[in-house]
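Values quoted throughout were computed directly from the atomic coordinates according to the rules given, and no laboratory measurement underlies them. In this text the structure is predicted, and so the values were computed from the model without any measurement. Here the Cβ positions follow ideal geometry from the backbone for every residue, glycine too, while neighbour counts run over all protein chains shown.
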There are 2 protein chains.
Amino acid sequence: MTPKLRLVKHRHRCTHCLFRRFFVNVGLNCDEIDQTGQTTTTNIGPYHPGEYLYRAGDPCNALYVVHAGTVKTETVTYDGDLHISGFYLAGDLFGADGIHQRRFATDAMAIEKTWVCELTFDNWATLANDYPDLQSQLISELGRVIANKEHEALSTHHHLLTQRLMGFLADLLYRVRERQGLQTNEIELTMTKTDIARYLGATPESISRTLAKLEKAGYIVNTKRRIRILKDYSSLDVAI
Amino acid sequence: MTPKLRLVKHRHRCTHCLFRRFFVNVGLNCDEIDQTGQTTTTNIGPYHPGEYLYRAGDPCNALYVVHAGTVKTETVTYDGDLHISGFYLAGDLFGADGIHQRRFATDAMAIEKTWVCELTFDNWATLANDYPDLQSQLISELGRVIANKEHEALSTHHHLLTQRLMGFLADLLYRVRERQGLQTNEIELTMTKTDIARYLGATPESISRTLAKLEKAGYIVNTKRRIRILKDYSSLDVAI
DNA sequence: CGATCCATTGAAGCCACTCAAGCCCGGTGG
DNA sequence: CCACCGGGCTTGAGTGGCTTCAATGGATCG
């Protein structure tokens, strides 16, 4: 990672940016902070599909939020398998696994054209000094990350791939809706189905077969890069 | 949970307590804090095996650290399965999944005679006001929890139960060694094997069979409530 | 000393993996 | 422009690991 080549001064408004929400919650907005002359967040990008944002073991000096695009974090297991630990959409915090050791535990890669907001720990310390409530904002957000990871682990333990996959799609639809504010039932898949397999701990073949089965049973419509959800996840018949 | 009946003033030293480590790291110790007249942590217990510390949905007003004993956190999935999200030994922080929503996401149950340290958010806010560095202590710890959860998720995706189980045992041995400071190779199992199954997403039958297989292959010695590790996890032959 | 929960072992079935082949698509270069 | 290539996706056949169902033994406890 050679951030120097990519550093772009923060210019456009981070309307969906988590950091902005933090600032607003303590009674500030980005403009005010800019006016104080303090550097707050830095917008970095674009990263292109397949490009690494950082690698496992790199020093972690900042927090990141996806500004636009999608990021995946992945690890190579000791026996060579590739495991994906998360997909991050616009507004999502990622890289928190590096906070403790000050080194990232995973690789982070853009899977489409992506910009991210960077908030360095140094800047954070300065800001938190002036606005102490910011700390509890971050603590709360980390709590949310933990609760999410636990929820993910839950669906991981469904041994039927049908359920894991429907759970994944339902979660993705939920998150897309959160961002669009629309009640759409269609997901634009930014990740490959192979990546979905790596995320769910399955093989691409099984994903393909299971999607076909779900389509035949009338739960989804599965086109090239889109999936339309026809029934709610909770109505899933395990026996199909 | 009826904490009022169990509240015991903090008396003995929390030598392994995470909170104490926080205080020490900002240049304090429990004695000094006690002298200021501030209530810091409250020691609660004993909880007996099978007793709930809190239930999913209960309001979360505090952070908890195991003082002595073992705690498990579990969730009932919508289809009735019981999933265990973690085992917590002396010194471990738990309940962090309740920070964001201010409600716990899981049930917490003692699996042996257990005491815990409670630090309420109110007390935390007071302390953090006087000693701002405490906040980053907690942030760092939450980062550790996140990194751990991600690591757990990794081993979850080993599809061979043999590997998941050996990984679990190796992790448990590592954590026991951390606490005892000894180079023992024996684990005293505080949880039932059924609980191990629920944690690993398997059935008790499979755990039983896999342990028998590992013993026959010379990797472990499996007695009633103890397991002795004979070989390192990394030397595990997948083909057994 | 019966009740209950945990643990173990056996037999049968099923789901997902492995191996293998072919298709589709975008990108590249002759 | 087309041939070639590579990666992702799909489909087929066979195998293996884990689950399910069932039954028994052991441990703890009121």
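If you take the alpha carbon radius of gyration of the protein assembly as shown and divide it by 2.2 N^0.38 Å, what ratio comes out, to two decimals? Working shown, then result.
Values: Rg = 23.3 Å, N = 480, 2.2 N^0.38 = 23.0 Å.
In units of the 2.2 N^0.38 Å rule of thumb, it is 1.01.
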- Message: For the stretch A:173-214 and the stretch B:109-187, what is the centre-to-centre distance using only Cα atoms, to the nearest Å?
- Response: 32
- Query: In terms of modelled amide H atoms, which long-range or inter-chain residues lie less than 5 Å from the amide H of residue A:70?
  - Reply: A:111, A:112
- Candidates A:77, A:126, A:162, ranked by Gaussian network fluctuation over chain A, Cα under 10 Å, top entry: A:77
- Message: Given an 8 Å cut-off on Cα distances and at least 6 residues of separation, report the relative contact order of the stretch A:158-235 as a percent.
- Response: 31
- Message: So if each residue of separation counts as 0.36 nm, and I subtract the Cα-Cα distance between residue A:51 and residue A:151, what length gain in nm does that give?
- Response: 33.1 nm
- Provide a whole-number value for the mean count of partner chain Cβ atoms within 10 Å of the Cβ atoms in peptide A:45-58. 0
- Place a label point 7 angstrom from the Cα of residue A:81 along the Cα-to-Cβ direction, then list the residues of the stretch A:200-217 whose backbone nitrogen is under 16 Å away. A:200-207
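Compute the relative contact order of chain B as a whole-number percentage, counting only Cα pairs closer than 8 Å that sit 6 or more residues apart in sequence.
18
What area, in nm² and to one decimal, does the C-alpha convex hull of the stretch A:198-240 cast on average over all directions? All intermediate terms of the calculation are to be shown ahead of the outcome.
Numbers: hull surface 13.6 nm².
Averaging across all directions leaves 3.4 nm² for the Cα convex hull.
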- Message: Given a Förster distance of 25 Å, report the FRET efficiency between residue A:113 and residue A:174 from their Cβ-Cβ distance, rounded to the nearest 0.05.
- Response: 0.60
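Just tell me how shielded A:132-144 is by partners: mean number of partner chain Cβ atoms within 10 Å of each residue's Cβ, no decimals. Walk me through the intermediate numbers first.
Values: counts 5, 0, 1, 7, 7, 0, 5, 11, 4, 4, 10, 12, 4.
So the per-residue partner count for this stretch is 5.
With an 8 Å cut-off on Cα pairs and a minimum separation of 6 or more residues, tell me the relative contact order of the stretch A:200-240 in percent. Please report the intermediate quantities before stating the final value.
Numbers: 25 pairs, mean separation 11.2, N = 41.
With pairs under 8 Å counted, the relative contact order is 27 percent.
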- Task: Enumerate the helices in chain B for which the Kyte-Doolittle hydropathy averages -0.5 or more and the C-alpha atoms extend at least 15 Å along the helix's axis, using complete DSSP H runs.
- Result: B:133-156, B:161-180
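Taking R0 as 30 Å, what's the FRET efficiency between residue A:226 and residue A:102 from their Cβ-Cβ distance, rounded to 0.05?
0.15
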- Item | For the stretch A:158-235, alpha-carbon Rg and Dmax in angstrom | 11.8, 34
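Roughly speaking, what % of Cα-Cα pairs in chain A are separated by over 24 Å, rounded to a whole number? Display every interim value, and only then the final one.
Values: 14182 of 28680 pairs.
When all Cα pairs of chain A are counted, 49 percent exceed 24 Å.
Counting other Cβ atoms within 10 Å, keep those with at most 13, restrict to DSSP loop, and tell me which trypsin sites (Lys or Arg not before Pro) in the stretch B:95-172 are left.
Details: sites: B:102, B:103, B:113, B:144, B:149, B:164; in loops: B:102, B:113.
Taking the stretch B:95-172 and a limit of 13 other Cβ atoms within 10 Å, the loop trypsin sites (Lys or Arg not before Pro) found are B:102.
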- Report P(r) for the stretch A:112-224: all Cα-Cα distances, bin width 5 Å, range 0 to the bin holding the largest distance, values in whole percent. 2, 9, 14, 18, 17, 13, 10, 7, 5, 3, 1, 0
